[in-house]
Amino acid sequence: MPVTVTKYMYWGGDTNFDTYFSVSATAIANIFNRRPLMRTGIKPGDFLYASSKLGIGNAFAYSRFFDPSFILPYKPLARLNEINPMSQYASSCIGTSDGLFPALAVLSEINDIGFHLDVSLQNVLSNEVIFVIGKTNLPEWILLAGPHGEDELLFSIPAAKNKTFQKQCEAQDYHPVYLGRSKKDRQLNFMTGTVPVQCHPASIPILFYEAEGNVP
């Protein structure tokens with residue numbers, strides 16, 4: 001359907017200016033026989049999962065802007081098959097287009113909760129990201145800190161539904177990445193290497209800007 005835009009009317013979300021030509025598209029769909037899956041709805045005690053291993057987006061950005069000595073493939077996938085068991089049981093969902101920690105910060109802010117990641121970040125990162133860490137000695141957490149994510153899905157499953165959700169995933173040969181659980185107090189706890197970290201969920205996403213883009 002054609003849309004008329006006058007000089008008094010503007011459409012768009014991430015509207016910006018650049019020297020390069022860029023085209024964006026918006027998809028609109030109807031949802032039948034199920035509720036929409038929102039960023040709101042996660043409760044303390046919910047289990048936290050990612051649709052796949054994380055970190056490849058930030059590793060790709062690092063290779064492009066800071067260390068061109070290695071090349072990483074970056075081809076995000078639309079998780080259309082995985083969305084079926086997820087949408088049946090999930091209490092909330094958000095994309096990781098900005099990285100894991102920025103996504104956690106958003107969920108924390110709008111749901112007034114915190115998170116305890118009770119697995120090592122080494123188990124969360126993709127093989128390509130682990131290769132980058134071995135080559136550069138970057139800390140694990142920084143490749144999950146944004147601002148360039150991997151476009152996976154970060155979602156929560158209520159504790160009462162978690163076993164049923166796991167059985168459904170096994171039946172479909174799907175293996176989401178377990179991260180941890182949400183908690184009542186608005187704090188983020190995780191282990192990076194052998195270092196335990198406890199901080200406000202929003203503190204990590206702003207580090208890149210506070211350092212004015214200086215990764216070291």
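The values are calculated or read from the model by the stated rules, or taken from the named source; none is laboratory data. Here the structure is a predicted model, which is why all the values come from computation and not from measurement. Every residue, glycine among them, receives a Cβ derived from its backbone with ideal geometry; neighbour counts consider all protein chains shown.
For L153, all conditions in the list (1) surrounded by fewer than 17 Cβ atoms within 10 Å (Cβ to Cβ); (2) in contact with a Lys or Arg (Cβ under 6 Å, 6 or more places away or on another chain) hold save one; what is the number of the exception?
(1)
Out of the residues in the stretch 164-191 meeting the condition of being of a type in the set (A, V, I, L, M, F, W, C), more than 16 Å from G45 (Cβ to Cβ) and part of a helix (DSSP H, G or I), tell me which one is farthest from the chain's Cα centre (by Cα).
A171
Would it be correct to say that L48 is surrounded by 15 or more Cβ atoms within 10 Å (Cβ to Cβ), among the aliphatic types (A, V, I, L, M) and assigned to a loop (DSSP other than H, G, I, E, B)?
In short, no.
For the stretch 135-163, enumerate the residues that are of a type outside the set (A, V, I, L, M), assigned to a helix (DSSP H, G or I) and either within 17 Å of S203 (Cα to Cα) or touching a Phe, Trp or Tyr at 6+ places or on another chain (Cβ under 7 Å) (or both).
If the condition is that a residue be of a type outside the set (A, V, I, L, M), assigned to a helix (DSSP H, G or I) and either within 17 Å of S203 (Cα to Cα) or touching a Phe, Trp or Tyr at 6+ places or on another chain (Cβ under 7 Å) (or both), then K135, E140, W141, K161, N162 are the ones that fit.
Starting from the stretch 193-211, keep only residues that are small (G, A, S), then list their pairs with residues that are surrounded by 13 or more Cβ atoms within 10 Å (Cβ to Cβ) and outside any loop (DSSP other than H, G, I, E, B) whose Cβ atoms are within a distance under 6 Å, requiring at least 6 positions of separation or different chains.
Once the first residue is small (G, A, S) and sits in the stretch 193-211, its partners that are surrounded by 13 or more Cβ atoms within 10 Å (Cβ to Cβ) and outside any loop (DSSP other than H, G, I, E, B) give A202/A105.
Please find, among I42, I113, I130, the residue that is within 23 Å of V197 (Cβ to Cβ), in contact with an Asp or Glu (Cβ under 9 Å, 6 or more places away or on another chain) and buried (at least 21 other Cβ atoms within 10 Å of the Cβ).
Criteria check complete, one pass: I113.
Hey, E212 hits all of (1) on the phi > 0 side of the Ramachandran plot; (2) part of a helix (DSSP H, G or I) but one; which does it fall short on?
The number of the failed condition is (2).
Pull out all pairs, ordered by first then second residue, where Cβ-Cβ is under 7 Å, the residues are six or more apart or on different chains, the first lies in the stretch 28-40 and is at positive phi, and the second is outside any loop (DSSP other than H, G, I, E, B).
Listed by first residue and then by second, the contacts come to nothing, as the list is empty.
Can you go through D151, D112 and tell me which one is charged (D, E, K, R) and closer than 13 Å to A50 by Cβ?
Unique residue meeting the criteria: D151.
Suppose we filter A59, A78 for residues that are surrounded by fewer than 19 Cβ atoms within 10 Å (Cβ to Cβ), at pLDDT below 95 and within 15 Å of the chain's Cα centre (by Cα); which single one remains?
Just one listed residue meets the conditions, A78.
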